[in-house]
Amino acid sequence: MSQLPDLICPAGSLPALKAAVDNGADAVYLGYKNDTNARNFAGLNFEAKALADGIRYAHGKGREVLLAINTFAQAGRVDDWHKAIDAAVDQGVDAIILADVGLLDYARNRHPQQRLHLSVQGSATSYEAINFCQREFAIHRAVLPRVLTLAQVEHVIQNTSVEIEVFGFGSLCVMNEGRCWLSSYACGESPNTVGACSPAKYVKWDKQPGRMDTRLNGILIDRFGDAEPAGYPTLCKGRFEVEGDTYYALEEPTSLNVLPILPDIVKIGVRAIKVEGRQRSPAYVTQVTRTLRAALDALRDGAERYHVKPAWQAELAKVSEGSQATLGAYNRPWR
Amino acid sequence: MNTHFTIPKFRLPSFVARLGERLPQWPHALALVAGLNAALKMKLLPASELALLEDKLFRVRVNDTGGEASYTYRNGLFRPVFRPEREPDLAFAANLSAYLQLLARQEDPDTLFFNRELEITGDTELGLVVKNMLDAIEWPRLPLIQTSH
Ligand code: SF4
């Protein structure tokens, strides 16, 4: 059988990091408490001291820490991003996850020994783009955007020696991540500028008798009945009226879940599987990490006998946004 | 996951709520505020985020006990507010079991929120600050209620 992929889990806080390590993550990924990472939410992420504690904890148990500096440096403040890179190297993270080619260039020249990963925000969907980054910046791994079919992922893997990481579970961000401006359209801020899609200050959960309306900067995104599972209001997951029909015109508020195709993902040579959700709590990290670990271990013990246990699906469905799971682009007939 | 015991989802019979609504509300408020101030004393809450809570009015409602508590944060202390004179900046409403599951780190607030078991109204960003602050707390291990790690 092919090598079992690493399980990469999110950590928005020290307790979440410990939950990931204790429940079987091979690596955790996290960010500094500022806009150098794409999950820049109030109260979330790591200051230098918490990061040092986290690295000590993970390394003590033989796991890795990957630091995401995956926003694009803003004009006039490039120094902030350079300083973040220098600090990450000083602190001894196992790899830095970068998206901006200018920052990749800086990191490679300034810190020739540092392991670098290409972030999903870098939007590299072809092996040509990935091989370019390997040639120019000696990247070690690339995280693929959630827009490729399984056959396309395999095609990339066959044509590059860079390790390939894919998303295995979590909320979907569908628009060629790193290039999506929907959030900016609604509120003037987007992941690549302020480090957050649809920042909370623009979000309104409007409770009305018998229903809840969700709004983003005043724009009505969706409306839920009292018992209906709700989702976070991003423009891509809104219900819109299109030619007389009101429906999820771009994407349903669902979560990606690859358990049904895990054997195929391993077979084609994916090196790492990533769990989305740095903004979620330690309880989520515990539940998802434990479930994916169990599935990967079951696969290691015999690919022929692998089947998706109802208990795994139930655990993942519970923590999903909108409580629905999909295979996302992996099995989409169209491209 | 804690292997010791699991808090099930439950709902207290509605007469409990009717009873609870008639009881004075201050014991809830005092217990909650005492707990928060204890966390303050243990320096479990980060100063940078605490500053964002200054003078905000919070309300916590337990649907199936009928209990309700309002409190605010001012000059370094959480204080109960017995007769709130305005709408809270941030309000939570859920059944007791949901709060217990949250406290034990058994369920994630987003999960409860998206599944409509926890209602959060008011200033969304403030809600996020509070959620992330509580998530980042490293609770000292308690002998009885083990948290998820
Ligand atoms: S609007 Fe949707 S597709 Fe665009 S960045 Fe946000 S989550 Fe991703």
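The values are calculated or read from the model by the stated rules, or taken from the named source; none is laboratory data. Remember, it's a predicted structure, so these values are computed and weren't measured experimentally. Cβ: placed from backbone, ideal geometry, glycine included. Neighbour counts: every protein chain shown. The area values use the complete protein model at the heavy-atom level, side chains included, leaving out ligands, DNA and RNA. Shrake-Rupley method; radii C 1.70, N 1.55, O 1.52, S 1.80 Å.
Things worth noting here:
- Fraction of accessible area attributable to carbon and sulfur, the protein assembly as shown (%, probe 1.4 Å): 55 percent
- Solvent-accessible surface ranking, highest first, for A:His59, A:His111 at 1.4 angstrom: A:His59, A:His111
- If you take the Cα centroid of segment B:46-70 and the Cα centroid of segment A:225-286, the two points sit 31 Å apart.
- Within segment B:14-135: Cβ-based charge dipole about Cα centre, in debye rounded to nearest 20 (Lys, Arg +1; Asp, Glu -1): 520 debye
- Cα centroid of segment A:9-34 to Cα centroid of segment A:53-75, whole Å: 9 Å
- Within the listed set A:Asn40, A:Asn257, A:Asn217, the Gaussian network model of chain A (springs between alpha-carbon atoms below 10 Å) gives the highest mean-square fluctuation for A:Asn217.
- For the pair A:Asp213 and A:Ala249, label points projected 7 Å from Cα toward Cβ lie 1.9 nm apart.
- Calculated on the Cα set of the protein assembly as shown, radius of gyration then Dmax: 22.6, 72 Å.
- For the peptide A:105-114, the mean number of other protein chain Cβ atoms found within 10 angstrom of a residue's Cβ is 0.
- Reduction of at least 20 Å² in accessible surface, 1.4 Å probe, comparing all protein chains with the chain by itself, residues of segment A:274-288: A:Gln279, A:Arg280, A:Ser281, A:Pro282, A:Ala283, A:Thr286, A:Gln287
- Candidates A:Leu118, A:Leu66, A:Leu150, ranked by Gaussian network fluctuation over chain A, Cα under 10 Å, top entry: A:Leu150
- B:Leu50 paired with B:Glu85, simple spin-label distance in nm, labels 7 Å along Cα-to-beta-carbon: 2.7 nm
- Summed buried accessible surface, chains B and A, 1.4 Å probe, nearest 100 Å²: 2900 Å²
- Most mobile of A:Arg77, A:Arg280, A:Arg63 in a GNM of chain A (Cα contacts under 10 Å): A:Arg77
- Projecting the Cα positions of A:Gln113, B:Gly76, A:Thr234 onto the charge dipole of the protein assembly as shown (unit charges on Cβ atoms of Lys, Arg, Asp and Glu, taken about the Cα centre) puts B:Gly76 furthest along the positive direction.
- Peptide B:122-130 has a mean of 5 when you count, residue by residue, the C-beta atoms of other protein chains within 10 Å of its C-beta.
- Within chain A, helix-based [θ] at 222 nm, where runs of 4 or more DSSP H residues each add -39,500 (n - 2.57), nearest 500: -10000 deg cm²/dmol
- Members of segment A:38-73 that become less accessible by 30 Å² or more once partner protein chains are added (1.4 angstrom probe, chain alone as reference): A:Ala42, A:Gly43
- Rounded to whole Hz, the Karplus (6.51, -1.76, 1.60) HN-Hα couplings of segment A:70-87, x for glycine and proline: 10, 9, 9, 4, 8, 3, x, 10, 4, 4, 4, 6, 4, 4, 4, 5, 4, 5
- Calculated on C-alpha atoms, the gyration radius of segment A:182-247 divided by its Kirkwood radius gives an Rg/Rh of 1.00.
- Take the Cβ atoms of A:Ala227 and A:Leu327, set R0 to 25 Å, and the FRET efficiency comes out at 0.40.
- Per residue, the protein assembly as shown exposes 44 Å² of accessible surface when a 1.4 Å probe is rolled over the protein heavy atoms with every protein chain present.
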